[in-house]
Amino acid sequence: QVHLVESGGGLVQSGGSLRLSCVASGSHFSINDMGWYRQAPGKQRELVAQVTRDGITNYPDPVKGQFTIFRDNAENTAYLQMDSLKPEDTAVYYCHADGIDYDLGIPYVRWGQGTQVTVSS
(Lines give C-alpha, C1' and ligand atoms only; values in the text may rest on other atoms or scores of the structure.)
Protein backbone atom coordinates (compact mmCIF):
# COMPACT_ATOMS: atom_id res chain seq x y z
CA GLN A 1 0.00 0.00 0.00
CA VAL A 2 1.16 3.55 -0.72
CA HIS A 3 1.90 5.83 2.23
CA LEU A 4 2.65 9.54 2.41
CA VAL A 5 4.74 11.10 5.16
CA GLU A 6 5.04 14.86 5.55
CA SER A 7 7.71 16.80 7.39
CA GLY A 8 8.97 20.34 7.75
CA GLY A 9 6.18 22.05 9.63
CA GLY A 10 6.74 24.19 12.67
CA LEU A 11 6.54 27.64 14.17
CA VAL A 12 7.77 30.60 12.18
CA GLN A 13 7.48 34.35 12.52
CA SER A 14 5.44 36.42 10.10
CA GLY A 15 7.47 37.05 6.95
CA GLY A 16 9.48 33.88 7.38
CA SER A 17 9.75 30.79 5.21
CA LEU A 18 9.24 27.07 5.59
CA ARG A 19 9.70 24.13 3.27
CA LEU A 20 7.47 21.11 3.62
CA SER A 21 8.37 17.69 2.27
CA CYS A 22 6.18 14.74 1.37
CA VAL A 23 7.63 11.32 0.65
CA ALA A 24 5.58 8.56 -0.93
CA SER A 25 6.54 5.00 -0.16
CA GLY A 26 5.26 1.58 -1.10
CA SER A 27 6.16 -1.50 -3.05
CA HIS A 28 5.24 -0.98 -6.71
CA PHE A 29 3.37 2.16 -7.59
CA SER A 30 3.29 5.18 -9.81
CA ILE A 31 2.41 8.75 -8.91
CA ASN A 32 0.40 11.04 -11.15
CA ASP A 33 -0.43 14.29 -9.36
CA MET A 34 0.92 15.43 -6.01
CA GLY A 35 -0.50 18.31 -4.07
CA TRP A 36 -0.67 20.20 -0.83
CA TYR A 37 -3.84 21.17 0.99
CA ARG A 38 -4.34 23.00 4.24
CA GLN A 39 -7.04 23.15 6.87
CA ALA A 40 -7.28 25.90 9.43
CA PRO A 41 -9.42 25.52 12.57
CA GLY A 42 -13.10 25.87 11.73
CA LYS A 43 -12.45 25.99 7.99
CA GLN A 44 -12.68 23.53 5.13
CA ARG A 45 -9.61 21.87 3.68
CA GLU A 46 -8.38 23.83 0.67
CA LEU A 47 -5.90 23.24 -2.12
CA VAL A 48 -2.75 25.35 -1.99
CA ALA A 49 -0.62 23.77 -4.70
CA GLN A 50 -0.60 20.91 -7.17
CA VAL A 51 2.00 19.47 -9.53
CA THR A 52 1.67 16.87 -12.25
CA ARG A 53 4.23 14.20 -12.99
CA ASP A 54 5.48 16.39 -15.83
CA GLY A 55 5.97 19.35 -13.51
CA ILE A 56 2.95 21.41 -14.47
CA THR A 57 1.84 23.39 -11.44
CA ASN A 58 -1.42 24.87 -10.28
CA TYR A 59 -2.01 27.38 -7.47
CA PRO A 60 -5.13 29.10 -6.22
CA ASP A 61 -4.98 32.87 -6.42
CA PRO A 62 -4.45 33.50 -2.66
CA VAL A 63 -1.03 31.79 -2.67
CA LYS A 64 0.25 32.56 -6.17
CA GLY A 65 3.70 34.03 -5.93
CA GLN A 66 3.99 33.05 -2.28
CA PHE A 67 4.06 29.24 -2.43
CA THR A 68 6.06 27.05 -4.82
CA ILE A 69 5.54 23.34 -5.31
CA PHE A 70 8.10 21.09 -6.94
CA ARG A 71 8.82 17.40 -6.97
CA ASP A 72 11.60 14.89 -7.37
CA ASN A 73 10.14 11.95 -9.25
CA ALA A 74 13.20 9.78 -8.63
CA GLU A 75 12.72 10.21 -4.88
CA ASN A 76 8.88 10.13 -4.95
CA THR A 77 8.97 13.40 -3.07
CA ALA A 78 7.06 16.65 -3.33
CA TYR A 79 8.06 19.89 -1.68
CA LEU A 80 6.16 23.03 -0.79
CA GLN A 81 8.28 26.15 -0.42
CA MET A 82 6.33 28.76 1.54
CA ASP A 83 7.66 32.31 1.65
CA SER A 84 6.45 35.57 3.17
CA LEU A 85 4.31 33.61 5.59
CA LYS A 86 1.45 35.35 7.33
CA PRO A 87 -0.56 34.43 10.43
CA GLU A 88 -3.47 33.49 8.18
CA ASP A 89 -1.31 30.74 6.65
CA THR A 90 -1.51 28.93 9.98
CA ALA A 91 -3.06 25.52 9.37
CA VAL A 92 -2.42 21.82 9.20
CA TYR A 93 -0.89 21.09 5.81
CA TYR A 94 -1.68 17.78 4.14
CA CYS A 95 0.07 16.07 1.26
CA HIS A 96 -2.06 14.36 -1.37
CA ALA A 97 -1.11 11.97 -4.16
CA ASP A 98 -2.80 9.73 -6.65
CA GLY A 99 -1.59 7.09 -9.05
CA ILE A 100 -1.60 3.35 -9.63
CA ASP A 101 -0.83 0.72 -7.02
CA TYR A 102 0.62 -2.07 -9.13
CA ASP A 103 0.56 -4.57 -6.27
CA LEU A 104 -3.21 -4.21 -5.99
CA GLY A 105 -3.72 -3.39 -9.66
CA ILE A 106 -5.95 -0.42 -8.87
CA PRO A 107 -5.73 3.37 -8.71
CA TYR A 108 -5.12 4.95 -5.35
CA VAL A 109 -5.64 8.29 -3.64
CA ARG A 110 -3.69 8.97 -0.48
CA TRP A 111 -3.40 11.66 2.16
CA GLY A 112 -0.58 12.22 4.56
CA GLN A 113 -1.12 12.60 8.29
CA GLY A 114 -0.65 16.36 8.17
CA THR A 115 1.97 18.71 9.53
CA GLN A 116 1.23 21.80 11.60
CA VAL A 117 2.38 25.20 10.36
CA THR A 118 1.99 28.07 12.80
CA VAL A 119 2.87 31.63 11.83
CA SER A 120 3.20 34.09 14.69
CA SER A 121 2.59 37.80 14.26
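The values are calculated or read from the model by the stated rules, or taken from the named source; none is laboratory data. From a predicted model like this one, the values you see are computed outputs, not experimental measurements. Note: ideal-geometry Cβ built from the backbone for every residue, glycine included; neighbour counts use all protein chains shown. Just so you know, the surface numbers come from the protein's heavy atoms only, side chains and all, with ligands and any DNA or RNA stripped out. Shrake-Rupley method; radii C 1.70, N 1.55, O 1.52, S 1.80 Å.
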Over region 1-21, the set of residues under 12 Å from the mean Cα position of the chain (by Cα) and either open to solvent by 30 Å² or more (accessible area, probe 1.4 Å) or under 18 Å from ASP83 (Cβ atoms) (or both) is VAL5, SER7, GLY8, GLY9, ARG19, LEU20, SER21
Of the residues in region 57-100 that are among the polar types (S, T, N, Q) and without any contact (Cβ under 8 Å) to a residue 24 or more places away in the chain, the one that is farthest from HIS3 (Cα to Cα) is GLN66
Among residues of region 63-105 being hydrophobic (A, V, I, L, M, F, W, C) and under 13 Å from GLY26 (Cβ atoms), the residue most open to solvent (accessible area, probe 1.4 Å) is LEU104
When region 65-115 is checked residue by residue, the ones that are among the aliphatic types (A, V, I, L, M) and assigned to a loop (DSSP other than H, G, I, E, B) are LEU85, LEU104
Within region 22-50, residues being open to solvent by 50 Å² or more (accessible area, probe 1.4 Å), farther than 16 Å from TYR108 by Cα and not in a strand (DSSP E or B) number 5
If you go through ASN58, ASN76, the only one that is over 19 Å from GLN113 (Cβ atoms), out of contact with any helix residue (DSSP H, G or I) (no Cβ under 8 Å at 6 or more places or on another chain) and at pLDDT 95 or above is ASN58
